[in-house]
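The structure under discussion appears below in the form of structure tokens.
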Amino acid sequence: MEAKIGTRNIKSMIFKGIIVFFAFVITLPLIVVLLYIIKQGITQVNWTFLTHVPAPPGEKGGGIINALTGSFIMVLMASIVAVPVGILAGIYLSENPRTKLAYYSGLCVDILQGVPSIVVGIVVYFWVVKPIGGFSAIAGSIALAIMMLPIIIRSTEQTLKLLPDSLKEAALSLGIPYHRVILKVIIPCGFAGILSGITLSIARIIGETAPLLFTALGNNYFSLKITGQMESLPHVIFTYATSPYDDWHDLAWGASFILLLFVLTLNIVTKLLTRKWKIQL
Amino acid sequence: MENTIVRAENYNAYFGDNHVVKDVNISINKNEVIAVMGPSGCGKTTFLRGINRMHELIPNATAKGKILLEGENVYDMNAIYVRAKIGMVFQRPNPFPNLSIYDNVVAGYLLNGIKVSKADKDVIVERSLTSAALWKEVKDSLHKKGTFLSGGQQQRLCIARAIAMQPELILFDEPTSALDPISTSSVEALFHELKENYTLIIVTHNMQQAARVSDRTAFFYMGELVEFDDTKQMFTAPADQRTQNYITGRFS
């Protein structure tokens, strides 16, 4: 018996050792990627880099201002559409989980979430770019909005489903009409969760390249025209990295660094805001 | 009849095909404390929720018959208006977690978008919290979130929230079943004071509580109103065998 307990303890320790080892191992890829991009990218980032358009090949300098503004504009336009639509659809799904509509619309959301981004790009290309007759930032935003929607819908739904029914009953029993119950009680109580869904969906689409290849394409010049081609961060990385020029490769690293910084900041800010605004039920 | 505040006439309630409240006729006077007791699943809570039309919020729930609130059938009135006129306190304390204690009390106005001046709100908050015997405990922390309070304090906050709307009738759905004994006695003590200004209908699982706090008691069994009488009378000499069985603990 004694001896058996001894071997059992050893087995337990080995098992614990293994899980600790793998928990550590999975942090390595992220750390390595981060360090490498920071090392390669940080030296590229300076004022010129952030405020200038790309220089022609062979010339020194040049920057990514066109990609920064382009990404910002397209993500903003996508959010303006996807955030309200996603929240409203999420409210429906959480409020009426047993209806047929909720079942099918939930199914569609799941499928949409699984659609490869390049397919979204092709669809928008055939539906928007071709009929209009040219690449445009609007088409890019549409593709991005489609990518954002399922994340926002599901996170809103999950957040609101966690709120107890008693909360809604409390409000209804005071004679508060349904729409005000949702707007003044349910959404504020689930605000932290809804917000984190939005920021995560932005973090997710800001780096999407495939849907933009077919839609906004890119633009070497500074442009705010949403009906024309527009540059974006992931696209600028793609074109610079696949070019044959060494100084363009450096710019790609710089742009990658900026993109990574943005996604990281967004994730950290989300975590902090969620903690700060989390409502104690 | 002048004195009647609520009267149910042939009131029936259903969940789908399940007939949970059967042909209830009852007449409740102003400033009475009514206890509604009965075993689990006897329809007492469903009946209570029928009075302020909360019953119909559950999918598949339907109701037939009349419930007259001061002579007017609540099923002919706008449900939102009915609910604003009748206060309700639930089994579990449910203050709004996003609002301060102060805002919780005036939630009925605030969330309905009814404009009330700051001075009037101050008066409503102090009066309601005083009536709910909570003012002394929270007057220095009115702007903290209501969820920081203890369970019993939260339940009294919910009572204050109901009182703030100046209802004549307040419904209590097993208001102390989630509370510890000390909080329970503080809520029960409150019933005696509230009686001065309000009519209270209290659904309870707890027979001692019914005996302690109510003027009259209604006994529900299998969806029927079996007996409705003075509390003393009911607990000393019940008219119906089923009531007798229930209060002597032969079934629960």
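Below, the figures for the structure above:
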quantity: Ellipsoid equivalent to segment B:197-237 - semi-axes via the Cα gyration tensor, in Å; calculated: 16, 13, 10
quantity: Placed amide H near residue B:6: partners under 5 Å, 5+ positions off or other chain; calculated: B:28, B:70
quantity: Among B:203, B:20, B:33, residue whose mean-square fluctuation peaks in a GNM of chain B (springs only between Cα atoms under 10 Å); calculated: B:20
quantity: For residue B:227, distant residues with modelled amide H under 5 Å away; calculated: B:219
quantity: Mean separation of Cα contacts under 8 Å (6+ apart) over length of chain B, as relative contact order %; calculated: 27
quantity: Contact order relative to length of chain A, as percent, for alpha carbon pairs under 8 angstrom and 6 or more apart; calculated: 26
quantity: Residue with peak Gaussian network fluctuation, chain A [Cα springs, cutoff 10 Å], from A:181, A:124, A:20; calculated: A:20
quantity: Euclidean distance between Cα centres, segment A:34-83 to segment A:156-221, Å; calculated: 28
quantity: Reach of residue A:161 by Cα under 12 Å, taken over aspartates and glutamates that are not fewer than 8 positions away in the same chain; calculated: A:95
quantity: Quotient of Cα Rg and 2.2 N^0.38 Å for chain A, N being how many residues it contains; calculated: 1.26
quantity: FRET efficiency for residue A:242 and residue A:99, using Cβ-Cβ distance with R0 set to 51 Å, rounded to 0.05; calculated: 0.60
quantity: Long-range Cα-Cα pairs in segment A:2-41 (distance over 15 Å), rounded percent; calculated: 60
quantity: By average C-beta atoms within 10 angstrom, highest first, the peptides A:154-161, B:119-126; calculated: A:154-161, B:119-126
quantity: Sorted peptide list for A:195-203, A:64-72, criterion being average Cβ within 10 angstrom, highest first; calculated: A:64-72, A:195-203
quantity: For segment B:216-224, 3J(HN,Hα) per residue [Karplus equation, 6.51 cos²θ - 1.76 cosθ + 1.60, θ = phi - 60°, Hz, x = Gly/Pro]; calculated: 10, 10, 10, 10, 9, 9, 6, x, 9
quantity: Averaged over B:94-105, number of beta-carbon atoms from partner chains that fall within 10 Å; calculated: 4
quantity: Per-residue mean of C-beta atoms belonging to partner chains within 10 Å, peptide B:75-88; calculated: 3
quantity: FRET efficiency for residue B:120 and residue A:280, using Cβ-Cβ distance with R0 set to 22 Å, rounded to 0.05; calculated: 0.15
quantity: Cβ-based exposure ranking for B:19, A:235, B:143, B:192, in which fewest neighbours within 10 Å come first; calculated: B:143, B:192, B:19, A:235
quantity: Two-decimal Rg/Rh across chain B, once Rg and the Kirkwood Rh are taken from alpha-carbon atoms; calculated: 0.97
quantity: Partner chain coverage, peptide A:162-173 - average Cβ within 10 angstrom; calculated: 6
quantity: Packing-based ranking, highest mean first, of B:59-66, A:88-95, A:55-62 given that Cβ atoms within 10 Å are counted; calculated: A:88-95, B:59-66, A:55-62
quantity: Cα-based convex hull, the protein assembly as shown, per residue volume (Å³, whole number); calculated: 252
quantity: Cross-link partners of residue A:225 among lysines (Cα-Cα below 26 Å; sequence separation of 8 or more within a chain); calculated: A:130
quantity: Theoretical ellipticity at 222 nm over the protein assembly as shown - DSSP helices of four or more residues, -39500 (n - 2.57) apiece, nearest 500; calculated: -16500 deg cm²/dmol
quantity: Hull shadow area, averaged, segment A:25-146 [alpha-carbon convex hull, nm²]; calculated: 12.2
quantity: Efficiency of FRET from Cβ geometry, residue B:58 and residue A:43, R₀ 51 Å, rounded to 0.05; calculated: 0.20
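Read-outs throughout are calculated quantities, based only on the coordinates presented, and are distinct from any laboratory measurement. Values in this document were obtained by computation on a predicted structure and should not be read as measured data. Backbone-built Cβ (ideal geometry, glycine too); neighbour counts: all protein chains shown.
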